[in-house]
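Report on the structure given below.
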Amino acid sequence: MQTRFDISTTGPGLYEFTADVTRWVQGTGLLTLFIQHTSASLVIQENADPEVQTDLQNYFARLVPPTTDPSMAYLTHTYEGPDDMPAHIKAALLPTHLSIPVINGTLALGTWQGIYLFEHRDRAHQRKVIGYLA
């Protein structure tokens, strides 16, 4: 069973789409989610306190600042703006696919876990995530 989740983003941050995945899954198996982009990631993170998402976003912005920051002057891939190569670096550090057990139509996530697309670019994007349940 396969599907595609289209997720609209408005800039950097974590976008939860657990509810979309929950509506789609059925049966029992292993769900694989894969993002078809090189400047965004997928993560499982806490979905109870929004400060967690804020702190993660702030941490990665500090870890890999835009190319306008003097510490990033060594980067050469800047064709699409100062957030472009840093977004690729963040996507290389974070997962681009997830595996989640599904038991009797229910995602086997922990109590406070949610599925997020982590957008690393500054402008809005339409992201595609492939879901495959085997």
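Of the residues making up the stretch 1-15, those that are hydroxyl-bearing (S, T, Y) and buried (at least 16 other Cβ atoms within 10 Å of the Cβ) number 2. Check whether at least one residue in the stretch 27-41 is within 30 Å of T106 (Cα to Cα) and out of contact with any strand residue (DSSP E or B) (no Cβ under 9 Å at 6 or more places or on another chain), and report yes or no. Among the residues of the stretch 27-41, at least one is within 30 Å of T106 (Cα to Cα) and out of contact with any strand residue (DSSP E or B) (no Cβ under 9 Å at 6 or more places or on another chain), which makes the answer yes.
Within the stretch 81-114, can you find the residues that are at positive phi and not polar (S, T, N, Q)? Hits for the stretch 81-114 are G81, G105. Counting the residues of the stretch 1-60 that are of a type in the set (D, E, K, R) and without any contact (Cβ under 8 Å) to a residue 40 or more places away in the chain gives 5.
Among the residues examined, T78 does not qualify as without any contact (Cβ under 8 Å) to a residue 60 or more places away in the chain and either in contact with a Leu (Cβ under 7 Å, 6 or more places away or on another chain) or closer than 25 Å to V21 by Cα (or both).
Values in this text are rule-based calculations from the coordinates and carry no lab data. Not measured: the values here are computed from a predicted model. Quick reminder, even Gly has a Cβ in these numbers, built from the backbone with ideal geometry, and neighbours come from all protein chains shown.
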